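**Q** Before anything else, here's the structure in question.
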Amino acid sequence: MKAKTLTPVVYLLALLTAACDGGISGTGGISEFMGAPELDSQAPVEMVDAMPLASDIAFTNTADTTLRPDAIYKLVNGVIGIGPISARINDGAVEPSLPATGNDFAEGGALYSALPADTYNFDVVPTSQLTADPEAVQIAGINPMVLNAGTSTTAILRGSLDATLNAPVEMFAIGNVLGTNNTSTIQIRIIHAAPAFDAAGAVDIHIDPANAGQPASGFPVFEDATYSTGDIGFVELASGSYVITATDADGVTQRIPTTDPITPSPGSSTTFIVLDDPDGVAGVDVILVPLNDGDRSGLP
């Protein structure tokens, strides 16, 4: 499997320059996969012909992490083949606002947008239909989405258009922690949003020092990680360089190969979203999309 990490150019520049509250050096690219099960990459795939039916979740974020009077959020597109998406937001009292537009697969998450603290109807529509009249039908939504002042939220569109995976397109919302307030430590979180990878079974995810053998200890940081779990949580580590790998739940068969070392800035908080690789073998190849949760570049 070829090395590949899909992120916007702006975000890559932000990573390399360690902007604002801290960035990540290293691309997190994935090296050649070893020991993969033999799958037929040419096998026919049953695809959904029409846009998925609208679906809503409810989400409330009350964690004051920014000390701002408003709320900040990101939108990430994690669905292969759905095309660029945009957020459409309405609090019921004003016309919809239109931040976070044009995110294609594995894009978004580079910059936050700001909203007044309020309760919203947040939905995602195809960018090409954003200003359609009559209004575009949503792909998926969060209703109600309650955002308190000082909160930080990431909304991920996840799922698959492959009907055989039984992973309907949906929103997956998470609250963000912006840092550790301790430069001797970092926080890393893994979000499992790869339904084709999940179809091969649960994985044990290892985060090991870059200078150690991988997996180094044999004891995973996250055990039995699945798509249905989604947010696998944070782990706090000493500041330094790390690699991320995964094995089957037996702890032996490697599923994600050793990544290039990642070096989050001391005191930072980083979220890695695991997505299926559209150019790889279904169920085997994945990409890791890193989000620097503390980077508030561009916000007023």
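**Q** Could you tell me which numbered condition residue 258 fails, if it satisfies all but one of (1) surrounded by 17 or more Cβ atoms within 10 Å (Cβ to Cβ); (2) closer than 21 Å to residue 183 by Cβ?
**A** Condition not satisfied by residue 258: (2).
**Q** Quick check on my filter: what residues within the range 91-116 are closer than 15 Å to residue 154 by Cα, part of a loop (DSSP other than H, G, I, E, B) and at pLDDT 85 or above?
**A** Across the range 91-116, the qualifying residues are 106, 107, 109, 110, 111, 112.
**Q** Which condition number does residue 266 fail, the rest of (1) assigned to a loop (DSSP other than H, G, I, E, B); (2) in contact with a Ser or Thr (Cβ under 8 Å, 6 or more places away or on another chain); (3) closer than 30 Å to residue 101 by Cβ; (4) modelled with pLDDT of 95 or more being met?
**A** So the condition that residue 266 fails would be (3).
**Q** Name every residue in the range 269-288 that is at pLDDT 95 or above and of a type in the set (Val, Ile, Thr), in order of residue number.
**A** 270, 271, 273, 274
**Q** Let me ask something additional. If we keep just the residues of the range 190-228 that are at pLDDT 95 or above and not hydrophobic (A, V, I, L, M, F, W, C), which is surrounded by the fewest Cβ atoms within 10 Å (Cβ to Cβ)?
**A** 228
The values are calculated or read from the model by the stated rules, or taken from the named source; none is laboratory data. These figures come from a predicted structure and were not determined experimentally. Cβ atoms come from the backbone with ideal geometry, glycine included; neighbour counts cover every protein chain shown.
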